[in-house]
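Working notes, beginning with the structure itself.
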Amino acid sequence: MKKVFVFHEVYNLSIFEKTISFLSKKYEFKNLSEFINSDRDDICHITFDDGHHTFTKAYEILKKNNIPSTLFISIDKILNEKNFWFQDIEYLNLKLKDRLLLNFCDFFSISYDNQFKLFDYLKLLKIDEIHAFINETKNRYQIKVPNFNISPKDLEKLSKDCLLELGSHTVNHPILLNEKNNLSEIEIKDSIDNLNNFLNKKVVSFAYPNGIKQLDYSEREKNILKNNGIKYAFTMNLHNFNENKFDHLEIPRISFANNFFKNLILFYIPEI
């Protein structure tokens, strides 16, 4: 059965290359259009979410092997050299450790609990609430967070590469189901329109932030995508792509990381 794979941060290039080598023995790599329109079961498509700076080195490996891929980005974040909220939080957590959690509980008037999971709670909030907390924490502790994503210069170069397709990934990477109708639509529509303008052509693909149905997106988001000309939308639901089970606005993906043996396990799970 044909598969779509997704990477985020690629810190270990040797594991990435080993994973790609493994896939090349099992599947033939296709660009998005070829992948969607083919009836073959022995093909796959490679995707990346967010545009983390490690993508540039990973892409060199793909380019060397003539492997097409799709990168889902927020064009606004990259052009303005801004991070996604979770990148800021991860850096603040690295610097502040327990102080970040205590500050979070204080900011939102929550009782501290040893079982408290910061990211789990953050994913229950609206994006404006998350940004307000980040800005208050940066100001309180006078912390400047570095940019973790590819540069505008790199993006300009990548946008001209025929092996790479760019897709939209919202403006701010919110949990879309947390947002009201108008804000969910703005997050999706603005990200598509701004990427269209940057590329001077119509964007046809989109990746849902977090990407689990009924937790992160719903039929509401699918309808917004339809109304904005998106043909293919990608989830984080762990399945092979069977067109009898999944429509083109809910294409499942297998998420790979920086552990080769874990990648192998994830590769085979949808077959079981």
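The values are calculated or read from the model by the stated rules, or taken from the named source; none is laboratory data. Here the structure is a predicted model, which is why all the values come from computation and not from measurement. Glycine also receives a Cβ, built like all others from the backbone with ideal geometry; neighbour counts cover every protein chain displayed.
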Filter segment 176-220 down to residues that are in a loop (DSSP other than H, G, I, E, B) and of a type in the set (V, I, T) and give me whichever is farthest from Y232 (Cα to Cα). I212
If you go through segment 26-33 one residue at a time, do you hit one that is more than 30 Å from N114 (Cα to Cα), in a loop (DSSP other than H, G, I, E, B), in contact with a strand residue (DSSP E or B) (Cβ under 6 Å, 6 or more places away or on another chain) and free of Cβ contacts under 8 Å to residues at least 60 places away in the same chain? yes
Test: residue in segment 80-95 that is touching a strand residue (DSSP E or B) at 6+ places or on another chain (Cβ under 9 Å), over 21 Å from I212 (Cα atoms) and polar (S, T, N, Q): yes
Qualifying positions in segment 37-60 - over 15 Å from F5 (Cβ atoms) and over 14 Å from the mean Cα position of the chain (by Cα): N37, S38, D39, R40, D41, T56, K57, E60
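Yes/no per residue for (1) among the charged types (D, E, K, R); (2) within 18 Å of the chain's Cα centre (by Cα); (3) at pLDDT 95 or above:
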| site | (1), (2), (3) |
| --- | --- |
| F206 | no, yes, yes |
| I230 | no, yes, yes |
| F234 | no, yes, yes |
| N259 | no, no, yes |
| E271 | yes, no, no |
Can you tell me which residue in segment 183-225 is surrounded by the most Cβ atoms within 10 Å (Cβ to Cβ), limited to those that are farther than 21 Å from K126 by Cα and of a type in the set (V, I, T)? V203
If we ask which residues in segment 153-175 are under 18 Å from the mean Cα position of the chain (by Cα), of a type in the set (A, V, I, L, M) and outside any helix (DSSP H, G or I), their number turns out to be 4
Residues that are assigned to a loop (DSSP other than H, G, I, E, B) and hydrophobic (A, V, I, L, M, F, W, C): does segment 127-142 have at least one? no
